[in-house]
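Contents: one structure, followed by commentary.
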Amino acid sequence: MFRHTRHLQFEAKPEKPDPVYARKLQELIGGAFGEMTVTMQYLFQGWNCRMPGKYKDLIMDIATEEIGHVEMLATMVARLLEGAPATAVTKMATTDPVVGAVLGGMDPQQAIVAGGGPLPADSNGYPWNGRYIVASGNLLADFRANVAAEAHGRLQTARLYHMTDDPGVKDMLKFNLARDTLHQNLWLKAIEELQSDGLEDVVVPDDLFDEEHAEHAETIWDLSDGIEAQAGGWASGPQPDGRHQFAYLLNPEPLGGLAQAPPPDPKLYDTYDGSMGEPQSPALGTEVGPMGKLKDKLT
C-alpha cells in the first residue's frame, strides 16, 4: 500500500518562471537516469526480492522516496512554466530573433499536451521507457546497477545546477545532490553487506566456474592501439574474486573460424550467389507440416 501526503519532501519553488530551464529539468524526471527510472527500478527490485528483511526494506524505503522526488521535480517544472508564453507570441517570435531563440528552447508539448505542466519525458520530449530499469532478482547485480544509476543521476543534477542562477531551483537541487550522495553510499554499503553476509561473492552469478573456459577468465586481450593499459593493476596479480589471476595477452590471435552466415533459405529472398551451396533442410525440432507431426509422435 502506498499513501500520498500533500507536502513535498523538500521545497520546490523557483524565484521566477523559466520555461527554457523547465525543459532542461525534464531530464531529471523522465531521462534514462531520471527519477522515474530509479523509482520504477527500485520498486520492481523490491517487489521481486524473495528475501524478507533488511534488504527488501531498504529497497522499498528508497523506492518510495524516489516517488516523492518525481513529484518535487514535477512541481518545480510546473512552477517554472507559470506564465510561459504559450499563446499570442508566435508573431512576435518571428519578428524578433532574440525572442525566437528563447522560445526555441521551450518544449511546446509542455503547453500543448500537458497544459503548462511536466511530462513523463526527457529534455528532448522523448517519453520515459520502462526498458531503462534493471530488476533482475539478483541483489548484487541490481545494487551495482543502482550505484551506476545514482551516479549518473547525480552527475546530471550537478550539470543542471550550473545551468541556473535561480536560488530556489538551486536550493532544491542541493537537496537532490545530497540524497544522491546518500543513495550511492547506501547501495555501496549494501553490496559490502551482501558479501559479508555470505549471500553473494564478487562475480554474478556465483556459479558455473567449473563449466566456463577458465583460461579465458584471466587474459586481457590487447586489441587497441597503445600499451598504457598494461600499467594498470588489472594487468597482473590476483583478481578481486580470489579465484583468478590477471594476465595481459599481447598480439592475440582469433580462436574462431571465418564469420560467415550459412546459405539462406530461398524463401527469405536474401541476395545470394550460390557460392556456399544449398541451404540445409529444417533442423530437427523446427519442422512444420507432416514432418513436424511425425516428429511430435516420435517424441
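The values are calculated or read from the model by the stated rules, or taken from the named source; none is laboratory data. Everything quoted here is computed from the prediction, not taken from an experiment. Every residue, glycine among them, receives a Cβ derived from its backbone with ideal geometry; neighbour counts consider all protein chains shown. Each accessible area value is taken on the protein alone, full model and side chains, heavy atoms only, with ligands, DNA and RNA left out. Shrake-Rupley method; radii C 1.70, N 1.55, O 1.52, S 1.80 Å.
A few notes on this one:
- Largest-first principal axis extents of the Cα set of the range 113-213 (Å): 58, 29, 21
- Shown is the FRET efficiency for ALA217 and VAL113, computed with R0 = 41 Å from the Cβ-Cβ distance and rounded to the nearest 0.05: 0.20.
- Around GLU35: net Lys/Arg minus Asp/Glu count, Cβ-Cβ under 15 Å: -4
- Identified option (computed semi-axes √(5λ) of the Cα gyration tensor in Å; candidates (1) 26, 22, 20; (2) 46, 31, 24; (3) 33, 29, 19): (2)
- Acute angle (nearest 10 degrees) that the helix 54-80 long axis makes with the longest principal axis of the chain, alpha-carbon atoms: 40
- Overall dimensions of the range 19-197 by Cα: Rg and Dmax, Å: 18.5, 68
- Linear extension gain, SER224 paired with TYR126, 0.36 nm per residue minus alpha-carbon span: 31.8 nm
- The chymotrypsin sites (Phe, Trp or Tyr not before Pro) of the range 224-266 that DSSP puts in a loop, and whose beta carbon has at most 15 other beta carbons within 10 Å, are TRP234.
- Residue ranking by accessible heavy-atom surface, 1.4 Å probe, largest first, among HIS4, HIS162 comes out as HIS162, HIS4.
- Spacing of the two label points (7 Å from each Cα toward its C-beta) at ASN185 and ALA261, in nm: 5.3
- Separation in nanometres of the label points that stand 7 Å from Cα toward Cβ, at GLU15 and GLN280: 7.2
- Percent of Cα-Cα distances greater than 12 Å, calculated over the range 39-81: 60
- Binning all Cα-Cα separations of the range 172-254 at 10 Å, short to long from zero, yields these whole-percent fractions: 14, 29, 28, 21, 8, 0.
- For PHE246, the residues 5 or more places off, or on other chains, whose built amide H falls under 5 Å of its own are GLY237, GLN239.
- Within the chain, helix-based [θ] at 222 nm, where runs of 4 or more DSSP H residues each add -39,500 (n - 2.57), nearest 500: -14000 deg cm²/dmol
- Couplings 3J(HN,Hα) of the range 163-176, computed from phi: 9, 9, 10, 6, x, x, 5, 4, 4, 5, 5, 4, 5, 4 Hz, in residue order, whole Hz [Karplus 6.51 cos²θ - 1.76 cosθ + 1.60, θ = phi - 60°; x for Gly and Pro].
- Highest mobility in the GNM of the chain, judged by mean-square fluctuation with C-alpha springs under 10 Å and restricted to HIS69, HIS244, HIS152, is found for HIS244.
- Using a probe of 1.4 Å on the protein chains alone, the accessible area found for ASP270 is around 90 Å².
- The range 19-197 - percent of accessible surface contributed by carbon and sulfur, probe 1.4 Å: 59
- Both radii come from the Cα set of the range 163-207: Rg as radius of gyration, Rh as Kirkwood radius; their ratio Rg/Rh reads 1.33.
- Top of GLU35, GLU228, GLU192 by mean-square fluctuation, Gaussian network on the chain, Cα under 10 Å: GLU228
- Cross-link pairs exceeding 25 Å between alpha carbons, from the set LYS54/LYS174; LYS13/LYS189; LYS56/LYS189; LYS56/LYS170: LYS54/LYS174; LYS13/LYS189; LYS56/LYS170.
- When the Gaussian network model of the chain links Cα atoms closer than 10 Å, the mean-square fluctuations of GLN280, GLN26, GLN245 top out at GLN280.
- Residues MET60 and ASP171, FRET efficiency given R0 of 25 Å [Cβ-Cβ distance, rounded to 0.05]: 0.35
- Chain lengthening between SER196 and ARG6 when straightened (0.36 nm per residue, less Cα-Cα): 64.4 nm
- Within the shell of other residues whose beta carbon sits under 12 angstrom from the beta carbon of ALA158, the net charge comes to +3, with Lys and Arg scored +1 and Asp and Glu -1.
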